[in-house]
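Note sheet for the following structure.
The values are calculated or read from the model by the stated rules, or taken from the named source; none is laboratory data. As the structure is a computational prediction, the values presented were derived from the model and not from experiment. Every residue, glycine among them, receives a Cβ derived from its backbone with ideal geometry; neighbour counts consider all protein chains shown. For accessibility, only protein heavy atoms count, side chains too; no ligands or nucleic acids. Shrake-Rupley method; radii C 1.70, N 1.55, O 1.52, S 1.80 Å.
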Number of protein chains: 4
Amino acid sequence: MNFRSDNNAGVAPEILQALVSEAGRQDDSYGRDRQTASLNQAWSEVFEIQVQVIPVVSGTAANSLALSLLSPPHGRVFCHADAHVLVDEANAPGFFQPGLALSPLPGKDGKIEPDALRRALDSAPWGSINCSQPAALSLTQATEWGAVYDLDHLETLARTARDRDLFVHMDGARLANAIVRLNCTPAEATWRRGIDVLSLGATKNGCLLAEAVIVFGDRPVSHLWYKAKQAGHVASKLRFLSAQLLAYAKDGLWLELASRANRAAAMLASELSRIEEVALACEPQANMVFARLGPELSDRLRRRGVAFHAWDAVGTARFVTSFETDAATVGDLAATIRSCVAEPGS
Amino acid sequence: MNFRSDNNAGVAPEILQALVSEAGRQDDSYGRDRQTASLNQAWSEVFEIQVQVIPVVSGTAANSLALSLLSPPHGRVFCHADAHVLVDEANAPGFFQPGLALSPLPGKDGKIEPDALRRALDSAPWGSINCSQPAALSLTQATEWGAVYDLDHLETLARTARDRDLFVHMDGARLANAIVRLNCTPAEATWRRGIDVLSLGATKNGCLLAEAVIVFGDRPVSHLWYKAKQAGHVASKLRFLSAQLLAYAKDGLWLELASRANRAAAMLASELSRIEEVALACEPQANMVFARLGPELSDRLRRRGVAFHAWDAVGTARFVTSFETDAATVGDLAATIRSCVAEPGS
Amino acid sequence: MNFRSDNNAGVAPEILQALVSEAGRQDDSYGRDRQTASLNQAWSEVFEIQVQVIPVVSGTAANSLALSLLSPPHGRVFCHADAHVLVDEANAPGFFQPGLALSPLPGKDGKIEPDALRRALDSAPWGSINCSQPAALSLTQATEWGAVYDLDHLETLARTARDRDLFVHMDGARLANAIVRLNCTPAEATWRRGIDVLSLGATKNGCLLAEAVIVFGDRPVSHLWYKAKQAGHVASKLRFLSAQLLAYAKDGLWLELASRANRAAAMLASELSRIEEVALACEPQANMVFARLGPELSDRLRRRGVAFHAWDAVGTARFVTSFETDAATVGDLAATIRSCVAEPGS
Amino acid sequence: MNFRSDNNAGVAPEILQALVSEAGRQDDSYGRDRQTASLNQAWSEVFEIQVQVIPVVSGTAANSLALSLLSPPHGRVFCHADAHVLVDEANAPGFFQPGLALSPLPGKDGKIEPDALRRALDSAPWGSINCSQPAALSLTQATEWGAVYDLDHLETLARTARDRDLFVHMDGARLANAIVRLNCTPAEATWRRGIDVLSLGATKNGCLLAEAVIVFGDRPVSHLWYKAKQAGHVASKLRFLSAQLLAYAKDGLWLELASRANRAAAMLASELSRIEEVALACEPQANMVFARLGPELSDRLRRRGVAFHAWDAVGTARFVTSFETDAATVGDLAATIRSCVAEPGS
């Protein structure tokens, strides 16, 4: 049983079919193809506003490109202390934009506290030649803790940032899961609440390999395309990334896939809540369940062949569900945990 | 009819099948999967030496990563004046390794003349603090003109470079086509003749999206992996790149695909040589045919719906064949050209 | 009265004289001159070991060059949360070595706690492709709080770092003041306790414009010189930086100048300790005195024309003395503070 | 006798006096001082337009900062094939702006031919995602060959560039010498003919260590200041650079110093023209004389202790005069050459 990450999952049939179809065609390279030409329109319809889409192969590339657009080399980007962009991307943003600085902000469950942002901005060394200058806010939706910002929280953060001329970036590696949870439109979840640029996740949610930078509005993005080129992300057969992103948008597939993952996580949380020895570390709002198993129970579970991520040193386990996690597998995991709990102690 | 580039082609069935199979599996992310774990071994067998493989999505990424390994920031990399790395990658090498300089060398058909390399090295400002220092030689096999270095030429260049402590990089975007032409082993075509690091092309030759940096021997490559990570190339589902590269290696598929492309090019060259009004710009040795059509004939051909690359301002046309270019299509192209030639002049 | 910073001071007569003498000579450029040729020898004698000296014009350049030598692009450098390199250099280290990450460690008075370093290293994501890898420790001597690491503290930190293969960098913007306080040899204060590379401050301590990177031992430094060149620091008349650094080393001038600054600070601390309303924030061990004046007293003092640095939001004032701060000026400052204290309240 | 370069010269008395005066004062750091505050005004008067001045310590820093302002990372900067920025700065521009590309243009005596620029722009791959995009023209006045662009030539180049939306940069390492030769105003020599940003040389022409980026008009330059900071060029005692640049501007000192150097060069050229065995390589228009001595005569001269630069492999010697080259020294050089010529052959 693999609950390590949604990026351990396979590929959704609709996505695979799009790739197989495209594989049988010939078309121009480096983004001058039919699929890439349709991307902006397809996602503009989803977001109910003109958007510009740059397809890439990793969330790290998407985040770094986005931040390089929003911050100059001497800029400072604020993000949560647990943000993927800060702790899991080997400082790629500082490679894409040499000199860029990242600053952690606190907050429960991976959500940035508006007050913490305000304090950071109030005490920032504005205008000092010796100090990086506040340039952007980056927030993750859903968060690295599987929590979902509600729309007011989002808007408060974005307004606080914009009031000080900061741009707002959303790391939407799991945006689809958040939208499903919020039960709102993609527009409401993003630009209507003040997001300027989005890293749209797709790989974790059923694609084979595809992420995208989505720029809301008509801000010039040619610099972004050239940065993507210089970082080696304008692949010759870019159309195979675009084909995935088109299928992903079509008929709401991306939200349908996410809703399956969310349902599996809710089911798992429900199961676990009935096991007295296991406490949930936070309310699962998307497709991740954090359970305080403790080191010993964690070990037992791992010995039974269950793959999951050890979130911290005290035995918090992260279980991630995906579009292909079915009820039976969730049931198996719960049963295995119950069995481990019942196992005679060491 | 599309003869614009081999990167306009579709995907070989064996590669597609490998992706479909892998899509039905789950596995760990960021290269900790079974497929990626097998890469080094699979290609070590192909090359008859220990190699280390870093899979990426573009030739630009492969070349830039390779050069960042072989040259310090103050290094100078010598390459042909028509080298892809110099003219078609928007100076990505200078982005991956800020400060790196590229220097063009002359030579017919995209092949660097050994004497030109020697002169450049003899007159280099060795040791001057004011000048970039010679660090590496980068050569393209097959060249951008569809020519193939013979093995002695290759060895002479490599020895000339290594005698002055330069590393040798091969841009092997079309290495398979060159090996087929040379009818030698992959080992003979590369490290046995002095190549240190190879950019192995696969996308143009039947893969969906996959290239690789191949480092010969046991030079430490962890820096290269981290550079790949910082440039956003360590995708979470990296296994889908690896799966392609494994299928590509298996049972000599890569060479079989290239031999089809080469045969189609030879056939096209043979057809064109029988058309009096069309001269070949150089002998086609791999999968590209350069024909001097002149501007008018070029225009007519384009109006007939033939896609090809206008190589220069005087009407030289580049026709590229791929693994899926069949005899019928080559025949159609030749017939269309003949028909255009016969068309009453403007 | 200017107690804002020692970099507000003038130039020591011996340094100025060296410049005037050199100004009357002609010599070769870009470091090929007599003065620069003597630098290594002069400072090797001071440090009782072979050293290599790269002269630059700012501490930011010295620190960034040093760190670019000690950390790869994917490296992480640990430093104090108040370190100049982290908070006052606009992330220059991330510009000199794109991708490099800085991590703050806690500790009183600007001194890194060995336990904090150990915990950071124990919990570092060693070997994870997704995370910057620990590469170096950077500590400031004397610290940004005017405190001085004792030699055992220094050695413990350095050993902790080196045990995990980290290099150790010292930001010695005020190293001379620390050595005077410690009453030890320069060798004891640095490489004998595990320092690999030093940023040697000189501008704050009597030079016109001169700092240096000092590399202990015979580690190859040509990459460092070229990085300096690429960053525009190999000035054509580099000899005027070297001339300052030679005069600074000669006959212990650097320590003599620092001892004057330290004496002035001690005198000031002694004076302030007699004013009941003013508490010292920490023991002054070098040439800085931190006094808790509170906002109101700070304002009064500033209105009397005293220049000083407002260290925090609650009215801690930083008074810095330099080689040219004489007893009379210290007396004047103390008298002015007493007068402000006595002033009828608002 | 030292005719190697004007950067081998000493310091003009007026500049030295300015430094000595400033050394006796205290003032704020990092450019918040009186001298730096006066820079913009002083040079605005010289250039008869609002300018913004960023003082640095090397021409390499000035050129690289200027180009980083005028070209994005994917930009291409055109310059002469012999331009200092291309051949003598170790690709510092590519370090300051990672990814930036430099392209050589031909032309006699270091002057770019307008037709060569036109052809380069006509054939540039405008809009191709795979290619660096033309961004700026950089020209050197006086050129590396000691030649001076006349104003019409300058204007033609600048207009050609601006018509294609390129910015125009002037490397004015020896601008003063060019202005003296042209006998025009500084305004005429620069922005009135289309120059956007100037690297103003001062070190070679009597300063101790000082160059400047001068931006004409009110283009925002805060990015430039932060780039300077991140590259370590905002020195704490920046006022000592500014003090030099103020003295340099005052009462036309910079032009007076340059006129002395030009006169010495003219005198030398006149002397050499009378020696039958020595041909001038080009007409000396500024402060450099290029003489075709041949290898043997070059050797003899060097053995007599004359320092000069061997410009090429066939014995062209470069003699550079400076503000402190007096008539007697020129006479000595001429006499020594005559004596070498008369020496019995080997």
Among C:PRO73, C:ILE112, C:THR60, the residue whose Cα sits farthest towards the positive end of the charge dipole of region C:52-133, when +1 is placed on the Cβ of each Lys and Arg and -1 on the Cβ of each Asp and Glu, is C:PRO73
Sum of -39500 (n - 2.57) over DSSP H runs of 4+, divided by residues of chain C (222 nm, nearest 500): -12500 deg cm²/dmol
Ranked highest first by average number of other Cβ atoms within 10 Å, how do C:167-178, B:13-24 line up? C:167-178, B:13-24
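Explain nothing, just the number: relative contact order of region B:114-244, from Cα pairs under 8 Å at least 6 residues apart, as a whole percent. Write down the numbers at each step before the final one.
Numbers: 162 pairs, mean separation 24.6, N = 131.
About 19 percent, as a whole number.
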Give me the percent of DSSP beta bridges within the protein assembly as shown that run antiparallel, rounded to the nearest 5. 50
So how strong a dipole does region B:89-176 carry about its Cα centre when Lys and Arg Cβ are +1 and Asp and Glu Cβ are -1, to the nearest 20 debye? 140
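Take every Cα-Cα pair in region C:93-236 and report what % of them are more than 25 Å apart. It would help to have the intermediate numbers written out before the result.
Values: 3265 of 10296 pairs.
Every Cα pair in region C:93-236 considered, those over 25 Å come to 32 percent.
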Within 10 Å of each candidate Cβ there may be at most 14 other Cβ atoms; applying that plus a DSSP loop requirement, which chymotrypsin sites (Phe, Trp or Tyr not before Pro) in region B:106-159 survive? B:TRP126
Between region A:141-181 and region B:240-294, what is the separation of their alpha carbon centroids in Å? 51
With a 1.4 Å probe and every protein chain kept in, tell me what percent of the accessible surface of the protein assembly as shown is carbon plus sulfur. 49
Roughly how many Å² of A:GLU343 are accessible to a 1.4 Å probe, to the nearest 10? 60
Log entry, pair C-D: total buried accessible area, probe 1.4 Å, protein chains only, in Å² rounded to 100, is 4000
Label position 7 Å from Cα toward Cβ: report the copy-to-copy distances for B:PRO13 in nm, one decimal, ordered from shortest. 2.3, 9.3, 9.4
With a ≥ b ≥ c taken as the square roots of the eigenvalues of the C-alpha gyration tensor of the protein assembly as shown, please select rounded if a/c is under 1.5 and otherwise prolate if a/b is larger than b/c or oblate if it is not? oblate
Please tell me the relative contact order of region D:60-118 in percent, rounded to the nearest whole number, where contacts are Cα pairs under 8 Å and at least six residues apart. 38
Enter the accessible area per residue of the protein assembly as shown (Å², integer; probe 1.4 Å; all protein chains in place). 33
Using a label point 7 Å beyond Cα on the Cα-Cβ vector, give me the inter-copy distances for C:ALA279 in nanometres, one decimal, shortest first. 3.7, 8.6, 9.3
Point me to the residue of chain A whose C-beta lies closest to the A-onto-D rotation axis, rounding the distance to whole angstrom. A:PRO98, 3
Provide, in order from the shortest bin, the percent of all Cα-Cα pairs of region A:11-54 in each 10 Å bin, continuing until the bin that contains the maximum pair distance. 25, 42, 32, 1
Express in whole angstrom the spacing between the alpha-carbon centres of region B:74-137 and region B:307-330. 29
Charge dipole of chain A built from unit charges on the beta carbon (Lys, Arg +1; Asp, Glu -1), centred at mean Cα; most positive-end Cα among A:TYR30, A:ALA264, A:LEU280 is A:TYR30
Among B:LEU39, B:VAL51, B:GLY99, which residue has its Cα furthest toward the positive end of the charge dipole of region B:1-113, with +1 on Lys/Arg Cβ and -1 on Asp/Glu Cβ? B:GLY99
Could you work out, for region D:202-346, what percent of all Cα-Cα pairs fall into each 10 Å distance bin, beginning at 0 Å and stopping at the bin that holds the largest distance? 10, 31, 24, 19, 12, 3, 0
Let's see if you can work this out: charge +1 on each Lys and Arg Cβ, -1 on each Asp and Glu Cβ, no other charges. What is the dipole magnitude of chain B about its Cα centre, in debye to the nearest 20? 500
Convex hull projection area averaged over all views, region A:235-313, Cα basis, nm²: 7.8
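Taking the DSSP beta bridges in chain A as the whole, what percent of them are antiparallel, to the nearest 5? Could the numbers behind the result be given before it?
Numbers: 19 of 38 bridges.
Rounded to the nearest five, the antiparallel share is 50 percent.
What FRET efficiency would be calculated for the residue pair A:LEU151, B:GLU14, taking the C-beta separation as r and a Förster radius of 56 Å, to the nearest 0.05? Walk me through the intermediate numbers first.
Numbers: r = 48 Å, r/R0 = 0.86.
In this case the efficiency is close to 0.70.
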Taking just the alpha carbons, could you work out the radius of gyration and Dmax for region A:1-144, both in angstroms? 18.9, 58
Whole-number D in µm² s⁻¹ for chain C, Kirkwood Cα-pair radius fed into Stokes-Einstein, 37 °C, 0.692 mPa s: 158
Counting lysine pairs in chain C that sit 8 or more positions apart or on different chains, with Cα atoms under 30 Å apart, gives 12
Suppose a student asked you for the relative contact order of chain A, using Cα pairs under 8 Å spaced at least 6 residues apart; what percent would you report? 24
Other chains' Cβ within 10 Å of D:197-206 residues: what's the mean? 1
Output, in nm with one decimal and in ascending order, the distances from the A:ARG25 label point to the matching label points of the other copies (7 Å from Cα along Cα-to-Cβ). 3.0, 7.1, 7.4
Length released on extending from A:ASP165 to A:SER21, taking residue separation times 0.36 nm less the Cα-Cα span: 47.3 nm
Shape category assigned to region A:3-79 from the gyration tensor of Cα positions, a/c cut at 1.5: oblate
With chain C treated as a Gaussian network of Cα nodes joined by springs under 10 Å, which of C:HIS309, C:HIS84, C:HIS223 yields the largest mean-square fluctuation? C:HIS223
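Which value, in debye to the nearest 20, describes the size of the charge dipole of region C:167-227 about its Cα centre when Lys and Arg Cβ atoms bear +1, Asp and Glu Cβ atoms bear -1, and nothing else is charged?
120
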